Number of protein chains: 2
Amino acid sequence: MKQKPFQDIWPEPATYCFGCGRNNKKGLQIKSYWEGDDAICTWEPEEHHMAAPGVLCGGIIATVIDCHGLNAAMAAVMKAEGLEIGDEPPYVVTTGSLSVKYLKPTPTNKTLVLRAKVKEISEKKIVVTCSLFSRRKECARGEIVAVKVPMIFWQK
Amino acid sequence: MKQKPFQDIWPEPATYCFGCGRNNKKGLQIKSYWEGDDAICTWEPEEHHMAAPGVLCGGIIATVIDCHGLNAAMAAVMKAEGLEIGDEPPYVVTTGSLSVKYLKPTPTNKTLVLRAKVKEISEKKIVVTCSLFSRRKECARGEIVAVKVPMIFWQK
């Protein structure tokens, strides 16, 4: 059975996110899935996501690491609570901090793979590491600390 | 006399950068200037840069902090070498690492101000801190470590 993307967990307002919202027509529209205990995303940049011709912009790299990492944190929370994607989430998570190391230039003309690992889930936060690969070469490596946010934040 | 933006320092390929390239029609097109020893950028998000309606996407925040910080590093290098914006740069800089703390939600419907400070210029790297303000409230705080890249990288 085909998995639902993690992006389906979120309340409706988050479906407009520039990085991962399916309803943001000008956004990156990344999709995240489980592959064993890792969270995987494959994504193809568009030409205008460049830093310079042929090389992906560092801010776009930070965006996909942040959005994929945050979705991995959200999916891990659901799994820890015994919930499926599609069930009502008990709360949502937001990025408290993000760090990225740029290891080598990332080409824009190849499919990219993001692989995230959930390092820690505690009462208040979830720590996720996430690497970006182009043809199996690790081009960037990031970490996000996600913090829990009451659902009331979304119900405005 | 009106200052030239730091973005005018760069070789032509960088004018297509998603974050700060004047020739990227779908990009953010930020512009950075000196205000005393600080580097300042004012920027207005577009609606599709949201994380959710009314709130700016964390990846876009990372992008403007990275691009403004990197431009501040480049301008600081020029100043340290006694060069003006418009002179041939001795080399360019690229982001080695980026970190961002998200302090509070950033509204999308107000002009944002980025203020960067050059903390360190050494033989190999430049360290820049950069805060993002909305109506004088600090919404995010970042740091980038920029590294020097030979001009040959751009001459392909």
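Just so it is clear, none of the values below were taken in a lab; they were calculated from the coordinates. Everything numeric in this text was worked out from a predicted model, so none of it was measured. Cβ placement follows ideal geometry from the backbone for every residue including glycine, while neighbour counts extend to all protein chains displayed.
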Just the number: Rg to Rh for the protein assembly as shown, Cα atoms, Kirkwood Rh, two decimals.
0.97
Put a label point 7 Å from Cα along the Cβ direction on A:GLU81, then list its distances to the equivalent points in the other copies in nm, shortest first.
5.4
Work out the mean other chain Cβ neighbour count within 10 Å for the residues of B:8-17 and drop it here as an integer.
3
May I ask for the net charge around A:THR94, where only other residues with Cβ less than 13 Å from the Cβ of A:THR94 are counted and Lys, Arg are +1 while Asp, Glu are -1?
+4
So what's the net charge close to A:PRO5: Lys and Arg +1, Asp and Glu -1, counting the other residues with Cβ under 14 Å from its Cβ?
+1
Everything considered on the Cα gyration tensor (a ≥ b ≥ c; rounded for a/c under 1.5, else prolate if a/b is larger than b/c, else oblate), chain B must be described as prolate
So what's the convex hull volume per residue for the Cα atoms of region A:1-56, in Å³?
106
Using a 4.7 Å cut-off between beta carbons, which cysteines in chain A end up with no partner cysteine at all?
A:CYS17, A:CYS41, A:CYS57, A:CYS130, A:CYS139
Between helix B:58-80 and chain B, what is the angle of the helix's C-alpha long axis to the longest principal axis, kept within 0 to 90° and rounded to the nearest 10?
30
Using a 7 Å Cα-to-Cβ projection, A:ASP37 label spacings across copies, nm, ascending:
4.8
Computed magnitude of the charge dipole of chain A (debye, nearest 20; Cβ of K, R +1, Cβ of D, E -1):
480
From the helices alone, meaning DSSP H stretches of at least four residues, give me the mean residue ellipticity at 222 nm for the protein assembly as shown, per-run term -39500 (n - 2.57), in deg cm²/dmol to the nearest 500.
-5000 deg cm²/dmol
Which distances, shortest first and in nm, link B:ILE121 to the matching position in the other copies, using label points set 7 Å out along Cα to C-beta?
4.9
Of the peptides A:33-44, A:72-83, how do they stack up when ordered by the mean number of other Cβ atoms within 10 Å, highest first?
A:72-83, A:33-44
